[in-house]
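Values quoted throughout were computed directly from the atomic coordinates according to the rules given, and no laboratory measurement underlies them. Worth saying up front: this structure is predicted, and the values here are computed from it rather than measured. When we count neighbours, we look across all protein chains shown, and the Cβ atoms used for this are built from the backbone with ideal geometry, even at glycine.
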Amino acid sequence: MVEEQGRKLYVYKNFSFIETKPMPDNIIDLPELREKTHVFQDRAHAGKVLAEMLKDFRQTDSIVLGIPAGGVPVGAVISK
């Protein structure tokens, strides 16, 4: 454990790595969106677009994770 400006940070020295699998064939790559900064109106709009792309996963045991660095509003829309 390390203290930094009153916060306790836990540093783990022993990592266990899992075997990775090849990328699935159903990964969607949209090259026309690369290098663009304003693709969506806002994060909710991005969530709606992504939710439509993920519609085949409805009614499955899939989990939506919204990363706190801006992904929570996107994940909230997708999870509905």
**Prompt:** Under a plain spin-label model, where a point goes 7 Å from the Cα along Cα-to-Cβ, how far apart in nm are Asp25 and Arg58?
**Reply:** 2.5
**Request:** Place a label point 7 angstrom from the Cα of Phe40 along the Cα-to-Cβ direction, then list the residues of region 47-64 whose backbone nitrogen is under 18 Å away.
**Result:** 47-58, 63-64
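About its Cα centre, how strong a charge dipole does region 41-80 have in debye, to the nearest 20, once Lys and Arg get +1 and Asp and Glu get -1 at the Cβ? Mind dumping the intermediate values first?
Numbers: 5 positive and 4 negative charges, 20 e Å.
Charge dipole of region 41-80: 100 debye, to the nearest 20.
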**Asked** region 47-76: which trypsin sites (Lys or Arg not before Pro) are DSSP loop and have at most 11 other beta-carbon atoms within 10 angstrom?
**Response** Arg58
**Request:** Can you give me the three principal axis dimensions of region 29-75 from its C-alpha atoms, in Å, biggest first?
**Result:** 33, 23, 15
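Can you tell me which of 59-65, 38-44, 71-77 comes out highest on packing, and rank the rest after it, using the mean Cβ neighbours within 10 Å? Walk me through the numbers before you get to the answer.
Numbers: 59-65: 9.3, 38-44: 11.6, 71-77: 16.7.
My ranking of the peptides, most packed first, is 71-77, 38-44, 59-65.
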